[in-house]
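Just so it is clear, none of the values below were taken in a lab; they were calculated from the coordinates. Nothing here was measured: the structure is a model prediction, and the numbers come from that model. FYI the Cβ positions are ideal-geometry reconstructions off the backbone, even for glycines, and counts take in every protein chain you see.
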Amino acid sequence: MVCLSGGMDSCVCAALAARDYDAYALHCGYGQRTEERELKSARGVAEALGFRDFLHLRLDLFRRIGGSALTDDRIDVPEAADGAGGGLEHASTRAGSAIPVTYVPFRNAHFLSAAVSWAEVLGAKAVFIGAVEQDSSGYPDCRPAYYAAFQELIRQGTREGDIQVRTPLIHMHKSEIVRLGLELAAPLDLTWSCYSGSEAACGVCESCVLRLRAFEQAGVKDPIRYAGRTERGDDIQERAAEQWSKPRAS
């Protein structure tokens, strides 16, 4: 069972799961600004990786309670610290220093609960989620202790208590995740990370900046389209055609 958001980290996590298991994808729409775009990416990733089934759930509580820039139109999505320019080298200096307004309160617990419920029905014994603590935005539900606590909840609250939560990327840097994705032939060109754009990624929100920085450090070009990023060079807009035209692993 894979919690598949459609983002870069969940895609690489999904590729690891699909390599070793008959995999099932759970995607949750929760009223986020880019909900339809993320759904398209998640479906595309699951299809490219040969997942057995894809379950799309709609969770309306986050939109109704608000409190996050991702779900509440009254709160603007902020630009990253270096969003006005100056390169990517310092993009994550404030990551982890404060919880930003893009944090969705206790979101991952809802995703995991749904995944564990479906895993029990299917008899699945592992739930994968692409949580990352390093080079992240400092969200509290991306910490290793969070998943250790949830593991105990599963042990106490499920029929057999033996479903394992897997967080294979949690200690990795984003650039390492990009490199691993390339090794696994993960369809990173289908993924979406932007917090606000749906036609083209904005390139200035923290998620975009962290992603661009990761590809830059990995020495490859990000294959998705960005709006108005000419200051970082037209090469970003070229979609890394040579890299991403290679046949995918079967």
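Stretched out straight at 0.36 nm per residue, the stretch from residue 113 to residue 40 would grow longer than its current Cα-Cα span by 24.0 nm.
Compute the length gained on full extension between residue 158 and residue 61: take 0.36 nm times their separation in residues and subtract their Cα-Cα distance, giving the result in nm to one decimal.
Values: separation 97, 0.36 × 97 = 34.92 nm, distance 2.40 nm.
So the chain would gain 32.5 nm between residue 158 and residue 61.
Which order do peptides 106-115, 136-145 fall in by mean Cβ count within 10 Å, highest first? Don't jump to the answer; show the numbers that get you there.
Details: 106-115: 18.6, 136-145: 17.0.
Order by mean packing, descending: 106-115, 136-145.
Evaluating 6.51 cos²θ - 1.76 cosθ + 1.60 at θ = phi - 60° for every residue in the stretch 9-14, the Karplus couplings come out as 5, 5, 5, 5, 4, 5 Hz, glycine and proline recorded as x. One decimal place: the segment residue 47-residue 225 gains 62.0 nm when fully extended, by the rule 0.36 nm per residue minus the C-alpha distance.
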